[in-house]
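Working notes, beginning with the structure itself.
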Amino acid sequence: MRLTIRGWTAVAVVAFALAMSWQYGPRSLNAVVVPVAIVTVAALFTTARIDPPTVEGAAVDDGFVGETRTVERTIESPQTASGTIHATVGDGLSAQARARLETTLEGDAETRFTYELSLEARGEHDVGRLEITVTDVLGLVERRFEYESTDTVVAYPQVYGLEGRDAGRLTATAVAASRTDRGEFDGLREYRRGDSLRDVHWKSAAKRPDEELFVMEYADHGDDSAVTVAASAPSGREDELASAAASVVVHLLEAGLDVGLELPNAARSAGSGWGHRQTLLAALAVADAGDLEDRVRADADVVVDAAGVETTVVVDGAEIPFDRLRGEGTSGGPVDASGRGGGDERSERRDDGSRGVAA
């Protein structure tokens, strides 16, 4: 709790009046000194009695570098007070719109505070803390409350569409590597978004064109039918690596393949579907520099290497410069939909109570 500029002005007026009264007598100055002193003391007393407001916030959806996300906070104050709400954003983020609001916090009523965050850098970032400064009615004394946020947002690396003859070669080689015995047929189920198109039971779809699609399930659908992408880079080239590897991974998933990922600091088993795509993108968002074991490189079907002057994609023994593979950025297009909604993996983390705002 501290005096505002207006409060210090009131104290200065009282001090000046006391000095003048000592010099010339108190009679003519009592009318100034006493009311101002009483108001200042009352302001200190009432501000000290204000209880901390409570803050609740919805989880912030993950996204790609360069995108914006809306942060929403709900503030409830036990007493009515004038207040200023200010958000401080974490590293790797910036506030695109106003992150400061001057308002009146109504007692036992909700005040909504929203602002826009820009995802500036790849990685997992703290959303930032919230500061609420309340003042008395006359604005003489203020009291500040700080709320550290446990909420985080993941910024996925830039994803590019892969195109041209080399992209077709990449897909064909990966498909060939995945065509092994997939196990015994186990039955049919309704198609869900993100399912591999090669599992669609086209014979039943042809018989009932107006009905839902069905996909085939197998009793044993293991890693033997998967494509593994291995990626590594030296220090300082992590962003280039993450972008290239994310583009390759998304390209293969869109082709209907099960994809696994090997990184210097993490490994993800093969899979497909909406949630698995986000799992791989989240791993690439925090990918570190480092090298891979020779065994991992040899076992991988596709190797993304950023050790040289340019990033290369190695498939079937041939090196393809990533710049020759990439097309226009697609992070804001169809790939973006996988990051906006906070898929299966992120939803589980939010439901366990680990995300929110704490005093």
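The values are calculated or read from the model by the stated rules, or taken from the named source; none is laboratory data. The shown structure was predicted, so the numbers you read here are calculated from the model rather than taken from an experiment. We place every Cβ from the backbone using ideal geometry, glycine too, and count neighbours over all the protein chains shown. These area figures cover heavy atoms from the full protein model, side chains too; ligands, DNA and RNA do not enter into them. Shrake-Rupley method; radii C 1.70, N 1.55, O 1.52, S 1.80 Å.
If you go through the stretch 251-276 and pick out every residue that is among the aliphatic types (A, V, I, L, M) and free of Cβ contacts under 8 Å to residues at least 24 places away in the same chain, you end up with 2. State which residue is nearest to Thr68 (Cα to Cα) when the search covers only the stretch 144-173 and only residues that are at pLDDT below 75 and either part of a helix (DSSP H, G or I) or open to solvent by 60 Å² or more (accessible area, probe 1.4 Å) (or both). Top of the filtered list is Thr150. Residues in the stretch 94-130 that are crowded, with 16+ Cβ neighbours inside 10 Å, out of contact with any Leu (no Cβ under 9 Å at 6 or more places or on another chain) and within 16 Å of Asp62 (Cβ to Cβ): Gly123 only.
Here is the figure for the stretch 188-211: residues that are modelled with pLDDT under 75 and either touching a Pro at 6+ places or on another chain (Cβ under 8 Å) or surrounded by 10 or more Cβ atoms within 10 Å (Cβ to Cβ) (or both) total 14. Residues that are touching a Gly at 6+ places or on another chain (Cβ under 7 Å) and not hydrophobic (A, V, I, L, M, F, W, C) were ranked within the stretch 57-66; the one that is surrounded by the most Cβ atoms within 10 Å (Cβ to Cβ) is Asp62. Scanning the stretch 67-93 for residues that are of a type in the set (Val, Ile, Thr) and buried (at least 18 other Cβ atoms within 10 Å of the Cβ) returns Val71, Ile75, Ile85, Val89.
Among Ala231, Ala176, which is in a strand (DSSP E or B), open to solvent by less than 70 Å² (accessible area, probe 1.4 Å), modelled with pLDDT of 70 or more and closer than 29 Å to Val304 by Cβ? Being in a strand (DSSP E or B), open to solvent by less than 70 Å² (accessible area, probe 1.4 Å), modelled with pLDDT of 70 or more and closer than 29 Å to Val304 by Cβ holds for just one of Ala231, Ala176, which is Ala231. If you filter the stretch 234-274 down to residues that are open to solvent by 10 Å² or more (accessible area, probe 1.4 Å) and part of a helix (DSSP H, G or I), you find that the one that is nearest to Thr171 (Cα to Cα) is His251. For the stretch 120-138, does any single residue satisfy the condition of being farther than 30 Å from Glu254 by Cα, in a loop (DSSP other than H, G, I, E, B) and basic (Lys, Arg)? No: the stretch 120-138 contains no residue that is farther than 30 Å from Glu254 by Cα, in a loop (DSSP other than H, G, I, E, B) and basic (Lys, Arg). Quick check, is Thr68 under 12 Å from the mean Cα position of the chain (by Cα) and either of a type in the set (S, T, N, Q) or more than 30 Å from Gln278 (Cα to Cα) (or both)? The answer is yes for Thr68. The residues in the stretch 293-328 that are closer than 13 Å to Val229 by Cβ, of a type in the set (A, V, I, L, M) and surrounded by fewer than 18 Cβ atoms within 10 Å (Cβ to Cβ) can be counted, and the count is 2.
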